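Beneath this line is the structure, given in structure tokens, with notes to follow.
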Amino acid sequence: MNEEIRVPVSLPLDSDGFLRRECPTCGREFKWFSHEEGDADAEAVDQYFCPLCGVASGTDSWWTPAQLEYMQGVSGPAIDQLARDMIADAFKGLKFKPNRSFSLDIQTPDPLAEPDDMTIVEPPCHPNEPVKVPDEDAARVHCLVCGSLFSA
Ligand SMILES: [Zn+2]
Ligand SMILES: [Zn+2]
């Protein structure tokens, strides 16, 4: 099967527009500001620095376990639909019809909820990329973009 399945998944932001993230290095959670797509203010980077431990990782390595689980759950029904379409296609033109009720029976998970926790800090070097960190960590924070240490 070489069909690519793309499932748009929207993850919840908190009321300030921040997305929860988990550092693959220290395993701790923080949030970064989620820019609108095409926002000229967003930094184009190929890695981010963890605000808490300062270690950089690729832009796609910051999912929390709950987000990964949710994304897997959301793609289930799309895979289900694709399987049904393929079966319908395979039987097209034949004299008998496949069972229309065929389904892998995958349930869509409940939407995630994002609480308004943590403290907003704005790096002086990159004020366009604010982060939210646990209150007790706000005294020493690394810039998401360049990794330099600052205190809120
Ligand atoms: Zn970290
Ligand atoms: Zn910076």
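The values are calculated or read from the model by the stated rules, or taken from the named source; none is laboratory data. Bear in mind the structure is a predicted one, so any value in this text is a computation, not a measurement. FYI the Cβ positions are ideal-geometry reconstructions off the backbone, even for glycines, and counts take in every protein chain you see. These area figures cover heavy atoms from the full protein model, side chains too; ligands, DNA and RNA do not enter into them. Shrake-Rupley method; radii C 1.70, N 1.55, O 1.52, S 1.80 Å.
Of note:
- Per principal axis, descending, Cα span of the chain in whole Å: 72, 27, 26
- Accessible solvent surface per residue of the chain, calculated while the other protein chains remain in place, 1.4 angstrom probe, Å²: 62
- For the peptides 56-66, 122-132, the ranking by packing is 122-132, 56-66, with the highest mean count of neighbouring Cβ atoms within 10 Å listed first.
- Spin-label model, residue 15/residue 92: points 7 Å from Cα along the beta carbon direction are separated by 5.0 nm.
- Protection proxy ranking of 87-94, 42-49, 25-32 - average other beta-carbon atoms within 10 Å, highest first: 25-32, 42-49, 87-94
- Shape category assigned to region 13-56 from the gyration tensor of Cα positions, a/c cut at 1.5: oblate
- Gain in span if fully extended, residue 110 to residue 151, counting 0.36 nm per residue against the direct Cα distance: 11.0 nm
- Taking every DSSP helix (H) stretch of at least 4 residues in the chain, weighting each as -39,500 (n - 2.57) and dividing the sum by the residue count yields a mean residue ellipticity at 222 nm of -6000 deg cm²/dmol.
- With Cα atoms, 0 to 90° folded angle of helix 65-90 axis to the chain main axis: 20
- Share of carbon and sulfur in the accessible heavy-atom surface of region 1-71 [1.4 Å probe, %]: 45
- Label-point gap, in nm, between residue 82 and residue 63 - each point 7 angstrom along Cα→Cβ: 1.4
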